[in-house]
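The values are calculated or read from the model by the stated rules, or taken from the named source; none is laboratory data. What you see is a predicted model, and the numbers here were worked out from it, not measured in a lab. Neighbour counts run over all protein chains shown; Cβ positions are idealised from the backbone, glycine included. Remember, those area values only see protein heavy atoms, side chains included, never the ligands or the DNA or RNA. Shrake-Rupley method; radii C 1.70, N 1.55, O 1.52, S 1.80 Å.
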Amino acid sequence: MRKICKVTVNDEPYLANCGDLLLDWALLNGVELPHDCRAGICGACRVRLVEGKVFGGQEPGDDMIHACQARIVSDIAVVTEAVPEPIAVAGQVADVVRLAPDVIGVKIELPKPLRHLPGQFCKVEFRGFPPRSYSPSYPLDGHPNHRLLHSHIRRLPDGSVSSALGRDIQVGHRVKVTGPFGSAFLRRNHPGSTVLVASGTGFAPMWSIAVAAILERPQREMTFVVAARKLQSLYMHSALCRLALFPNVTIIPTVSEPQEDFPAIRGGLPTDHMPSLSPNDIVYTSGAPAMTESVGRIARAAGARCYSDPFLPTTTPAEQAKARWAAAR
């Protein structure tokens with residue numbers, strides 16, 4: 001006979017079989033847990049483990065777990081956070097612009113505003129193309145139009161979607177947007193310092209968080225580390241200059257390539273330039289997985305909370321099969 005464990009979700013007690021995957025158990029028993037990919041990638045099903053232990057789905061020292069990967073091995077208690085319910089809505093491309101040599105800005109017009117929290121992401125499917133996950137961002141210039149979603153997309157030469165932007169995907173192209181998803185959103189009313197670390201187009205969700213955090217409390221202590229491969233990829237410089245006008249904001253731009261023309265732009269890794277952290281701080285990070293993992297380790301070592309949705313390659317089963325076929329040739 002299988003051992004029975006007590007699972008408490010948001011103070012509501014339930015029973016589960018020891019060894020069950022937390023998300024599978026929740027779906028079978030009508031317990032509401034957010035989810036999307038069910039592969040431990042998207043982060044939509046991350047919940048806070050406040051009591052007990054699980055097997056899998058958790059980084060050492062992190063109390064956030066992936067419900068789709070975590071097996072129940074003891075009595076546990078988890079807490080979910082209130083987030084907008086994901087919906088699907090049809091829209092169209094309103095603008096496609098080049099922000100940097102390798103970054104495209106896309107505006108998607110929707111019939112009504114899509115409720116999302118600063119830092120969350122959506123699944124975007126341009127008609128005739130496979131879906132991709134992009135983060136709605138605050139405009140780099142001007143004020144927001146809540147029916148427009150702004151996305152920053154890195155163009156890859158062999159990208160099924162990104163290489164088509166501006167060519168096959170132009171103004172007027174039909175789009176389906178599903179979301180929001182993700183757990184790396186702004187936690188409001190946090191009294192301590194805020195640290196943001198972004199690499200590449202991971203700037204998009206971090207910029208949304210930065211703006212919302214400053215609008216909430218203009219005197220907020222904030223450090224924003226922004227990393228790019230090359231100088232030309234620092235497409236967000238004008239936005240950062242506006243943010244730097246606030247008295248307690250520190251902007252630290254970094255690039256990987258060696259350069260001596262701009263002393264204010266630092267070299268090395270973004271983690272080399274993070275401030276000293278304390279348990280009162282909160283850290284948000286987005287970008288390359290290796291970078292977000294490093295930021296998370298630094299935050300956990302200091303006892304600070306850290307939220308991240310790393311950017312991972314997105315492929316459909318058909319694309320994966322095509323890649324395997326090509327590799328076997």
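Tabulated results
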quantity	calculated
Gained length - Arg188 relative to Lys176, 0.36 nm times residue gap less alpha-carbon distance	1.4 nm
Amide proton proximity set for Cys306, modelled H, under 5 Å, gap of 5+	Val283
Theoretical FRET efficiency, 1/(1+(r/R0)^6), r = Cβ-Cβ of Ala290 and Arg2, R0 56 Å, to 0.05	0.90
In nm, spacing of pseudo-spin labels at Val79 and Glu257 (7 Å Cα→C-beta vector)	4.6 nm
Residues in the range 66-100 that a label on Asp141 would reach, taking backbone N under 20 Å of a point 7 Å out along Cα→Cβ	94-100
Gyration tensor (alpha-carbon) shape descriptor, the chain, a/c threshold 1.5	oblate
Hz values of 3J(HN,Hα) by residue in the range 273-282 - Karplus curve (6.51, -1.76, 1.60), Gly and Pro given as x	10, 6, x, 5, 9, 10, x, 7, 8, 10
Label-reachable residues, the range 177-210, where backbone N falls under 18 Å from a point 7 Å from Asp272's Cα toward its Cβ	197-200
Share of carbon and sulfur in the accessible heavy-atom surface of the chain [1.4 Å probe, %]	54 percent
Whole-Å distance, taken between Cα centres, linking the range 255-285 and the range 95-154	26 Å
Contact order normalised by residue count of the chain, Cα under 8 Å, 6+ apart, percent	14 percent
Mean accessible surface per residue for the range 27-184, computed with a 1.4 Å probe while every protein chain stays in place, in Å²	49 Å²
Label point distance in nm, Asp11-Leu231, each placed 7 Å from Cα along Cα→Cβ	5.7 nm
Hits among lysines - C-alpha to C-alpha of Lys107 under 19 Å, sequence gap 8 or more where chains match	Lys123, Lys176
Charge dipole magnitude, Cβ of K and R +1, D and E -1 - the chain, Cα centre, debye nearest 20	640 debye
Accessible heavy-atom area order of Phe203, Phe246, Phe262, Phe55, highest first, probe of 1.4 Å	Phe55, Phe262, Phe246, Phe203
Sum of -39500 (n - 2.57) over DSSP H runs of 4+, divided by residues of the chain (222 nm, nearest 500)	-5000 deg cm²/dmol
Gained length - Ala301 relative to Leu245, 0.36 nm times residue gap less alpha-carbon distance	17.0 nm
For Val197, residues with placed amide H under 5 Å, excluding near neighbours	Val225, Tyr284, Thr285, Ser286
Unit charges on C-beta of K, R, D, E only; dipole of the range 1-153, Debye	360 debye
Under 17 Å from Lys53, Cα to Cα: lysines that are on another chain or at least 8 residues apart	Lys3, Lys6
Full-stretch length increase - Ala88, Ser238 - with 0.36 nm per residue and alpha-carbon distance subtracted	50.7 nm
Mean separation of Cα contacts under 8 Å, 6 or more apart, over the residue count of the range 9-148: relative contact order %	18 percent
Phi-based couplings in Hz for the range 299-309 (Karplus 6.51, -1.76, 1.60; Gly and Pro marked x)	5, 5, 4, 8, x, 8, 6, 9, 10, 8, 10
